[in-house]
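Participant: Sharing a structure, written as C-alpha cells. Questions coming.
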2 protein chains.
Amino acid sequence: MHQDRIRHPAFIKKLTTAAEAARLFKNGMTVGMSGFTRAGDAKAMPIALAERARHEPLQLTLLTGASLGNGSDGLMADAGLLARRMPFQSDATLRRKINAGEIMYIDQHLSETAEQLRSHSLAPVDIAVIEAVAITEEGGIIPTMAVGNSASFVQQARSVIVEINLSAPTELEGLHDIYLPQRQPGRQPIPLTSPEQRIGSAAIAVDPARVAAIVITDSPDSPSTVLSPDKETAAIAGHIVDFFKEEVAAGRMGLELMPLQAGIGSIANAVLLGLIGSPFHDMTMYSEVLQDSAIALLDSGQLRFASASSITLSSPVHDHFMRHIRDYRSRLLLRPQEISNHPEIVRRLGLIALNTALEFDIYGNVNSTHVAGTRMMNGIGGSGDFARNSHLSLFVSKSVAKAGAISSVVPMVSHVDHTEHDVNILVTEWGLADLRGLAPRERAPLIIERCAHPDYRAQLRAYFEQAACRGGHTPHLLEQALSWHSEYQSAGTMLQS
Amino acid sequence: MHQDRIRHPAFIKKLTTAAEAARLFKNGMTVGMSGFTRAGDAKAMPIALAERARHEPLQLTLLTGASLGNGSDGLMADAGLLARRMPFQSDATLRRKINAGEIMYIDQHLSETAEQLRSHSLAPVDIAVIEAVAITEEGGIIPTMAVGNSASFVQQARSVIVEINLSAPTELEGLHDIYLPQRQPGRQPIPLTSPEQRIGSAAIAVDPARVAAIVITDSPDSPSTVLSPDKETAAIAGHIVDFFKEEVAAGRMGLELMPLQAGIGSIANAVLLGLIGSPFHDMTMYSEVLQDSAIALLDSGQLRFASASSITLSSPVHDHFMRHIRDYRSRLLLRPQEISNHPEIVRRLGLIALNTALEFDIYGNVNSTHVAGTRMMNGIGGSGDFARNSHLSLFVSKSVAKAGAISSVVPMVSHVDHTEHDVNILVTEWGLADLRGLAPRERAPLIIERCAHPDYRAQLRAYFEQAACRGGHTPHLLEQALSWHSEYQSAGTMLQS
C-alpha cells in the first residue's frame, strides 16, 4: 500500500491516522507546519488538532511558512488551539482573534524565522508537520506545492509528522531545491548566482528515527482567490510596463529586465499579466510565490524561468499546470523561503521587487499591514526582505478604497512597514512616481500629482504646503498628520467637504 | 618633490593648486568626495570650491561616504555651493539649510549609494575628489583614514582629483582592502567569510588619463567629538554586558560573541568601552566606523580584529594610534562602505548591530533621524543596512532628553527609520527589553517597565491600556498617538501634570 509514495521501509510502519498522530502533541508545544500562501499546507493534522483542542486543554505556538489554506488557520483559531502564531497569516477568523488580542501574532520578515530558529533565538520546534508527495528510497521528504520553512522545521524538530497527500502527483518530484545556510560562525556564501541554479537536493533529509507518524490525505490545496484584472489594476500594469521600457531605453537594464519578485494578491498578479505581449523576453522570476500570472508568462514564452517558495493557483490554472507538469518542471523551482527571500541573493541578483501597499504617504513611507494603524490585515510577509535589498523596489496600490472614502495616499501613514529609504517607485492607476534620488520635499508634489486620486489632490497639496511653511526636512503638521484616519473613523470618509 | 608620495611618473605632472583644480568644476555637476564620519575627507578642495561659489554661480550635487570633517559641509553649504547632498551629513550649518528646504538632502542606507551609481539609477559622478596617502608605483590611490565610497567614485567618475595629505603617515599603506561587487547580472558571491579576510587590493586602481589634478595638503582629520561615558551610558553598557552574558549562558553564542557593529556617537562608544574587563575575548568588529573604544578594546587584548570603513578618533587616541600604527595595521582593515555595510556580509557573519535611537515607541519602532518627525538630525547612515540583516539588532538611547522634558519612549514615534520587525533589543539606562518572539501587546508592557523613565511610565501605561481596550494587533489612539510631541512643542514638556 502506497509503495510509490513511501519508498523507504523504515517509514511504512509509521503509518497511522491523524487522530492518533494528534495525541503526540502536548499543551504548550511549539509546532512547525508546512504551508506557504495557501499551498503545501498539511490538511489532516490541523483538523485533528482542532478537534482535540475542543475537548481538552491544548494550546500551541504555531509556526508555518506563511498563510495556510483550507480554512485551517480559522479552524484552529476557533477551536482555541492557537496561543501564538508566526510569521504570516491571511485568515479572517484568525485575524479577528489577533486584533482582539486573543492570539499573540508575531509578524515577521519571512526570511528570518528559519534564521531565528537556527540560532535558538526562538523556542525550539517540538513537532514538525510536513505535507509531502512521497518519501524517497533514501528517506527524504519530497514537499508538495510549497517548501516554505519545512526544511528548517524538519532539521530542527524533535519529531516529525509527514502527511502524504495522494492528490499531489508524484511528478512534482524534482521540482524542489533544498538548501539551508550553515550556522554562524564560518558560514560560506550561498552559491546561487541565477534564478535557475540548483544548489541543493531534491528532498528534505530526515533521520527515520525522528519521524513519529505518517498520515495519508488526499485533499487538494485551496484554490487561489486572486481576482481578474480590472480597470485600475490594468492601468497600474500599464504604468509599470511604460516605466520598464524607459529603464531599458536609458540603458539601465536589457529587455530581459532583472529577475522579478511579485507579492501575493490580485494587483501583483495583474501587473505580471500586463507584461504579456510587452517587448520584454527571456525574463526570470525570483519570487516567494508564483500565481496564475507566472504560469501565463511561462506559456507566453516571455518568462524563461521562475524560482519561488510556493505555487498557488486558481482551479483552472492548477488543472492546466498539473496536466503539463512535466513541461513546467524544467522551468520552475521551489526553494526554502529563507533562500527565496534571502538578503544575500536578493541583493546579488538585483531583483525588481513588486509589492502591495495598503496606503503610502506623501514622502514615500508604506503601510502594508495595519488598517488605521491598529488592525492587522495579513502581515509584512516577504516584502521587507525584498524591498530593502532589491535593485528596484516598487509598491502598488489603487488610489482609493471604500468607493473613494479612503485615500491610499495620505499625509502620514498610520503604520510604517517600509520606510522612505526602501521605496523607489510608487504606482496607482493614475500614474507612477519615481522617487530615486529625490529629497522628501521633492517627493511630495510628485506623489500627489502622479499617484493620488484627483479628488484628494487639493487636500494633500494644502497639507504639504502648510507643513512646508513650518519647516523641516520632512515637513509635517503633527497635530493633523493622522487626522485623515481619525476623520474616516468618525465621519466615514477622508474627503473634506 | 613628494617622490615617496607620488610614485608613478604620469601623476607628477598633474600637481597643481586647489584653486586651479577648482576651475575644473562646472555649475550643475555631480561630485563624489572621500570622507566618512569626519575621517579621510578632502581638506583643500571644499575650501577652494566654496571660495569660487562665493563669487560666481556654482552649485553642485555632492556625494560622499558619510559626514565630512573640518567644517567643510558647513563651509560649502554657507557658500551656496550645495544644491543637493547625499547620503549622510552631521554638520550644524548644513542641517539648518536642509531643514529650511534650501538644500535637497537624500538620506540613504550607506551601502546603497555605490549600488545606485553602478546601476545608473543616480546621475553619474562628474568629478571624484579623493584624499590619499600616496599614489603607488602602479598608479593606485592609497586612501587615508576612510575608504567610504571613494573606490566607487574613482571607478565611475569622468575625472579624478587626488589630494595627497602629507599629515597622513605612509604607514597607513596596507590598511585598506579595496573590493567592489560586479554589476548584475552574473554577479558572483562576495567571498568574505570573516572580518579579518582580505578579498581585494591595497589601493584604488585608476587610469592616469582620468586623473585631472593632484593637490598637496597637510591638514589633519577633525578629531572625534565623542563624549566620555556618563552615568547613563555606563548603565546602558552594563545592561548590554549582562545580556551578552545571558546569551552566552544560553548557548546562543560563545565568549567571542558574534562580530560587533557599533554606530557612531558617544553612547555606542560607551557601550564598547563597557566591554573592557568583561569575560568576552577574541572578539571581532565588523562595523562601518571605529571610534576610540575600538582602539581601547584592541589594547585590552579582548578585540582580536576590527574591520570598518573609517577610523575617527579623539586627538589623544589618534596620536597614540599613529605612534603604534605598525602594530595596529595587522589587526585592522578598512573597506569600501558598500562592503562594510553589505546585506550579504551582515547576514552571513551574523552581526550584533548596535545603533542609537532618538526615540522609540512602546511597540519597538525606532526613530533615529527626525526631531519631532520633521527636522533632520544627521541621517539614517548604515543603521538600516545593519539592523535589517543582522543576527541581533540592538537600539540604545537615554530614556529622557532635555532634562526630562522629552521622553525617548513614546506612544508612537514621530518618524520611523527602523520598524518593529528590525528591532530585537531596546536599552536605556533603566534596563533592557528583549523583544524577540513577542507580539506588540507583549512588547508594550516590557518596554514601558524596562526602558521608560519612571516619571513617564504611568502616562505610557495609561496610553497603552486605553488603546488596548479599543482593540487591534498594535493598539493605538490615533488622535493622541503623536500628541506627546505636539505637547512638547506647545508646553515645553511631554510630562503630563
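Participant: Within region B:147-166, take every residue that is under 24 Å from the mean Cα position of the chain (by Cα) and open to solvent by 10 Å² or more (accessible area, probe 1.4 Å) and give me the one that is farthest from the other protein chains (Cβ to nearest Cβ).
Facilitator: Applying the filter and picking the extreme gives B:Gln155.
Participant: Does region B:438-459 hold any residues that are within 12 Å of chain A (Cβ to nearest Cβ), under 31 Å from the mean Cα position of the chain (by Cα) and not small (Gly, Ala, Ser), and which are they?
Facilitator: B:Leu438, B:Pro440, B:Arg443
Participant: Additional query: Here is a check on your reading of the model: is A:Leu358 touching a Ser or Thr at 6+ places or on another chain (Cβ under 9 Å), away from every other protein chain (no Cβ under 12 Å) and open to solvent by 10 Å² or more (accessible area, probe 1.4 Å)?
Facilitator: yes
Participant: Something else now. Can you confirm whether region A:112-124 contains a residue that is more than 30 Å from A:Pro185 (Cα to Cα) and either in a strand (DSSP E or B) or within 10 Å of chain B (Cβ to nearest Cβ) (or both)?
Facilitator: no
Participant: Could you list all residues from region A:248-288 that are surrounded by fewer than 21 Cβ atoms within 10 Å (Cβ to Cβ), of a type in the set (D, E, K, R) and touching a residue at least 12 places away in the same chain (Cβ under 8 Å)?
Facilitator: A:Glu256, A:Asp282
Participant: Which of the residues spanning region A:95-110 are touching a strand residue (DSSP E or B) at 6+ places or on another chain (Cβ under 7 Å), more than 7 Å from chain B (Cβ to nearest Cβ) and closer than 22 Å to A:Asn27 by Cα?
Facilitator: Across region A:95-110, the qualifying residue is only A:Ile103.
Participant: Looking only at region A:385-413, count how many residues are outside any loop (DSSP other than H, G, I, E, B) and touching a strand residue (DSSP E or B) at 6+ places or on another chain (Cβ under 7 Å). Spell out how you get there, then give the answer.
Facilitator: Narrowing region A:385-413 to residues outside any loop (DSSP other than H, G, I, E, B): A:385-389, A:392-396, A:400-404, A:406-407, A:409-410.
Still in the running and touching a strand residue (DSSP E or B) at 6+ places or on another chain (Cβ under 7 Å): A:386-387, A:392-396, A:400, A:406-407, A:409-410.
Of the residues in region A:385-413, 12 are outside any loop (DSSP other than H, G, I, E, B) and touching a strand residue (DSSP E or B) at 6+ places or on another chain (Cβ under 7 Å).
Participant: How about region B:292-305: which of its residues are open to solvent by 10 Å² or more (accessible area, probe 1.4 Å) and touching a Leu at 6+ places or on another chain (Cβ under 7 Å)?
Facilitator: B:Asp292, B:Ala296, B:Gln302
Participant: Of everything in region B:414-439, what is touching a strand residue (DSSP E or B) at 6+ places or on another chain (Cβ under 6 Å), open to solvent by 10 Å² or more (accessible area, probe 1.4 Å) and either part of a loop (DSSP other than H, G, I, E, B) or hydroxyl-bearing (Ser, Thr, Tyr) (or both)? Give them in sequence order.
Facilitator: B:His415, B:Asn424
Participant: Whether any residue in region A:223-244 is farther than 23 Å from A:Phe88 by Cβ, in a strand (DSSP E or B) and away from chain B (no Cβ under 14 Å) is what I want to check.
Facilitator: There is no residue in region A:223-244 that is farther than 23 Å from A:Phe88 by Cβ, in a strand (DSSP E or B) and away from chain B (no Cβ under 14 Å).
Participant: While we're on this one: Find the residue count for region B:188-217, including only residues that are among the polar types (S, T, N, Q) and surrounded by fewer than 17 Cβ atoms within 10 Å (Cβ to Cβ).
Facilitator: 4
Participant: Continuing with the same structure: Given the conditions (1) open to solvent by 10 Å² or more (accessible area, probe 1.4 Å); (2) modelled with pLDDT of 95 or more, report the number of the one that B:Arg326 does not fulfil.
Facilitator: Answer for B:Arg326: the failing condition is (2).
Participant: Pick from B:Gly364, B:Gly384, B:Gly373: which is facing another protein chain (nearest Cβ under 9 Å), open to solvent by less than 10 Å² (accessible area, probe 1.4 Å) and over 18 Å from the mean Cα position of the chain (by Cα)? Step through it out loud before you land on a result.
Facilitator: On the way: B:Gly364 fails: facing another protein chain (nearest Cβ under 9 Å); B:Gly384 fails: over 18 Å from the mean Cα position of the chain (by Cα).
Exactly one of B:Gly364, B:Gly384, B:Gly373 is facing another protein chain (nearest Cβ under 9 Å), open to solvent by less than 10 Å² (accessible area, probe 1.4 Å) and over 18 Å from the mean Cα position of the chain (by Cα), namely B:Gly373.
Participant: Would you please name the residue that is farthest from the other protein chains (Cβ to nearest Cβ), looking only at residues in region A:387-407 that are open to solvent by 20 Å² or more (accessible area, probe 1.4 Å) and in contact with a Ser or Thr (Cβ under 7 Å, 6 or more places away or on another chain)?
Facilitator: A:Lys398
Participant: Moving on to the next point. Return the residue satisfying two criteria in turn: it lies in region A:170-182 and is part of a loop (DSSP other than H, G, I, E, B), open to solvent by 30 Å² or more (accessible area, probe 1.4 Å) and more than 11 Å from A:Ala203 (Cα to Cα), and of such residues it is farthest from the other protein chains (Cβ to nearest Cβ).
Facilitator: Residue satisfying both the conditions and the ranking: A:Leu180.
Participant: Okay, next question. Kindly check whether there is at least one residue in region A:460-481 that is open to solvent by 30 Å² or more (accessible area, probe 1.4 Å), facing another protein chain (nearest Cβ under 9 Å) and either of a type in the set (S, T, N, Q) or assigned to a helix (DSSP H, G or I) (or both).
Facilitator: Within region A:460-481 (the criterion being open to solvent by 30 Å² or more (accessible area, probe 1.4 Å), facing another protein chain (nearest Cβ under 9 Å) and either of a type in the set (S, T, N, Q) or assigned to a helix (DSSP H, G or I) (or both)), the answer is yes, since at least one residue qualifies.
Participant: Any residue that is outside any strand (DSSP E or B), touching a strand residue (DSSP E or B) at 6+ places or on another chain (Cβ under 6 Å) and open to solvent by less than 10 Å² (accessible area, probe 1.4 Å) - is there at least one of those in region B:312-319?
Facilitator: Within region B:312-319, one or more residues are outside any strand (DSSP E or B), touching a strand residue (DSSP E or B) at 6+ places or on another chain (Cβ under 6 Å) and open to solvent by less than 10 Å² (accessible area, probe 1.4 Å).
Participant: Which residues, taken from region A:63-85, are open to solvent by less than 10 Å² (accessible area, probe 1.4 Å) and under 17 Å from the mean Cα position of the chain (by Cα)?
Facilitator: Matches in region A:63-85: A:Leu63, A:Thr64, A:Gly65, A:Ala66, A:Ser67, A:Gly69, A:Asp73, A:Arg85.
Participant: Turning to a different aspect of this structure: Condition (residue is touching a Lys or Arg at 6+ places or on another chain (Cβ under 8 Å), of a type in the set (Lys, Arg) and either over 25 Å from B:Val154 (Cβ atoms) or within 12 Å of chain A (Cβ to nearest Cβ) (or both)) applied to region B:184-199: is it met by at least one residue?
Facilitator: Yes, region B:184-199 has at least one match.
Participant: Also: Tell me, please, whether a residue that is over 19 Å from B:Asp221 (Cβ atoms) and open to solvent by less than 10 Å² (accessible area, probe 1.4 Å) can be found in region B:329-340.
Facilitator: Among the residues of region B:329-340, at least one is over 19 Å from B:Asp221 (Cβ atoms) and open to solvent by less than 10 Å² (accessible area, probe 1.4 Å), which makes the answer yes.
Here's the yes/no breakdown for (1) within 24 Å of the chain's Cα centre (by Cα); (2) basic (Lys, Arg):
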residue: A:Glu171; (1), (2): no, no
residue: A:Ile178; (1), (2): yes, no
residue: A:Gly186; (1), (2): no, no
residue: A:Gly200; (1), (2): yes, no
residue: A:Val206; (1), (2): no, no
residue: A:Asp221; (1), (2): yes, no
residue: A:Leu227; (1), (2): yes, no
residue: A:Ile236; (1), (2): yes, no
residue: A:Lys245; (1), (2): no, yes
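Participant: Counting just the residues of region B:482-497 that are outside any loop (DSSP other than H, G, I, E, B) and of a type outside the set (A, V, I, L, M), which one comes out farthest from B:Gly364 (Cα to Cα)?
Facilitator: B:Ser490
Participant: Under 6 Å by Cβ, and 6 or more places apart or on different chains, what pairs join a residue from region A:50-69 that is over 16 Å from A:Ile103 (Cα atoms) with one that is part of a helix (DSSP H, G or I) and open to solvent by less than 10 Å² (accessible area, probe 1.4 Å)?
Facilitator: From residues that are over 16 Å from A:Ile103 (Cα atoms), the pairs are A:Arg52/A:Ala22; A:Gly65/A:Gln337.
Participant: Regarding region B:277-300, can at least one residue be identified that is closer than 29 Å to B:Arg388 by Cβ, among the hydrophobic types (A, V, I, L, M, F, W, C), within 13 Å of chain A (Cβ to nearest Cβ) and assigned to a helix (DSSP H, G or I)?
Facilitator: no
Participant: Among the residues of region B:188-213, write down those that are touching a His at 6+ places or on another chain (Cβ under 9 Å) and farther than 27 Å from A:Arg348 by Cα.
Facilitator: Initially, region B:188-213 is screened for residues touching a His at 6+ places or on another chain (Cβ under 9 Å), giving B:190, B:192, B:200-204, B:208.
The one that is touching a His at 6+ places or on another chain (Cβ under 9 Å) and farther than 27 Å from A:Arg348 by Cα: B:Pro208.
Participant: Turning to a different aspect of this structure: Open to solvent by 60 Å² or more (accessible area, probe 1.4 Å) and without any contact (Cβ under 8 Å) to a residue 12 or more places away in the chain: which single residue out of A:Pro229, A:Pro185, A:Pro220 fits that description? Before you say what the answer is, go through the steps one by one.
Facilitator: Details: A:Pro229 fails: without any contact (Cβ under 8 Å) to a residue 12 or more places away in the chain; A:Pro220 fails: without any contact (Cβ under 8 Å) to a residue 12 or more places away in the chain.
It is A:Pro185.
The values are calculated or read from the model by the stated rules, or taken from the named source; none is laboratory data. Just so you know, these numbers come straight off a predicted model, no measurement behind them. Neighbour counts are summed over all protein chains in view; Cβ atoms, including those assigned to glycine, are modelled from backbone coordinates with ideal geometry. When the accessible area is computed, the model is the full protein with side chains, heavy atoms only, and any ligands, DNA or RNA have been set aside. Shrake-Rupley method; radii C 1.70, N 1.55, O 1.52, S 1.80 Å.
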